[in-house]
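One structure below.
The values are calculated or read from the model by the stated rules, or taken from the named source; none is laboratory data. The structure presented is a predicted model; accordingly, all values stated were derived computationally and were not measured. Positions of Cβ are generated from backbone atoms using ideal geometry, with glycine treated the same way; all protein chains shown enter the neighbour counts. Heavy atoms of the whole protein, side chains included, go into the accessibility calculation; ligands, DNA and RNA do not. Shrake-Rupley method; radii C 1.70, N 1.55, O 1.52, S 1.80 Å.
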Amino acid sequence: MSTRPYEVRFDADRVTDLLERLERLVARDPDARLEISPAHDELDAIAFGINALADELRWAHARISEGERARAEALHEEMLERSAANFATAFSSNPCAMTIVRMSDGRFQDVNASFERQTGFRRDEVVGRTVDEIGMWIDPDNLATIVAAICQTGRIESHEVRYRTRSGGISTAVYSVDIIQFAGEQCILAAGLDVTERKRTETQAALLREELAHLGRVTMLDALTASLAHEINQPLTAVATNADAAIRLLTAQPPRWRDLAAALTDIRRDSHRAGDVVRRMRVLLKKQPSQHEPIDLTGTVADVVRLAEGHASIRRVGLDVDLAAAGPTVLGDRTQIQQVVLNLLLNAFDAVQVRPPAGRRVRLEVSRRDGLAVIEVSDCGPEVPEESMALLFEPFYTTKREGLGLGLSICRALVGAHGGTIEARRNPGPGMTFSVTLPILTARESRGADAADTPRLQKQK
């Protein structure tokens, strides 16, 4: 007989099963239960208590989950309401003209006060109608491009459009567009900044720049008068001499036909020489709007060299020229680029006048460097003081007694309009080097520019 006051025997398999079920309960298995046998021994009592506790925990967890879900839904609704209020405030008070247009039919759903001010259309005149019905859009092709871009990418950034105001005036704006959900439908949210005044200012600045450029060309050709007269007189004198010789050869007995043919060939060649000088002068003097097109930089600069060589000879200046054999192609106005090069050459000719004739050297080079087209004009003139270096390109600053101080400032404006840069630096030895860099036009860009220019050329023809 056992001496223990009581003895409880546990089935080992039941203990193992109990532990496994407890692990499932801890893991929050919703189907986990502890089985209770009719014997109601201590193990069953423990199981009964645990089951009761598990039911209480499940009930509490359900109540907590319901409360959290309700609080989350309330917070979500509050955030939606706050977001809608913030959107409405930002939309109505935005300084940009803002519109919401339904994608399904292109009808305005809302516009803000800035839209009303910029276009002159009232909100009640716009909402529910399309841009075609209002008559705002000027270019249908531009509208089709915008719609296609929105459908493809879902957004547009900084797209320039022209539109008609309520009073009939033409304005320009830069628009950015995105797709949003508005009133349960897909809509286009557009924000536009009016740039009409800026575009007008840019146009006026471009016209002023062209006026100054033309004035600069006239001033330069005035300085070239003596050399140009010499350039024209030389071939014309040769033409007159050969014409007299041709008359004598023609009246000779018998006529000297072979010599006559040679004389007439010389007359034609010299007349072409004189014509080329006049043509180059006419191109520089002609007043016309800037036209950017693909141009061969080497050929463009070579024309300037032919125009300046006579002037260099008269002033007893040695001109060394190094032009790239396969000249880079740039997008620009041929006349304006020639004006920049000619201005730099004439400045260099002036700078070396302080040297004895044997030491007057100017170098012109066209090359490629780091993916850019580079034009450099170097001289061996006097050193420019440090305080003058920062003022070289400022309007009306000049070191010449009779200069206006506009040449280099015009050059800077023209080069800047071509997306390039111009700078001056001291040489290691005497003199200065002026360097112009221009973006090189790739073959693909050149083909695109030619294609875009074809309608304009056809219209001119």
Karplus-derived 3J(HN,Hα), 6.51/-1.76/1.60, for each residue of the range 154-163, Hz, glycine and proline x
x, 6, 9, 10, 6, 9, 8, 10, 10, 9
If you keep only loop residues by DSSP, which chymotrypsin sites (Phe, Trp or Tyr not before Pro) in the range 318-400 have at most 12 other Cβ atoms within 10 Å of their Cβ?
Phe396
Placing each pseudo-label 7 Å from Cα in the direction of the beta carbon, Leu207 and Glu423 end up separated by a distance in nanometres of 3.6 nm
Modelling each spin label as a point 7 Å along the Cα-to-Cβ direction, I'd like the Val354/Arg368 distance in nm, to one decimal.
3.8 nm
With all protein chains present, calculate the accessible area of His292 using a 1.4 Å probe and round the result to the nearest 10 Å².
80 Å²
Taking 0.36 nm per residue of sequence separation and subtracting the Cα-Cα distance, how much length would be gained by fully extending the chain between Asp29 and Arg269, in nm to one decimal?
75.9 nm
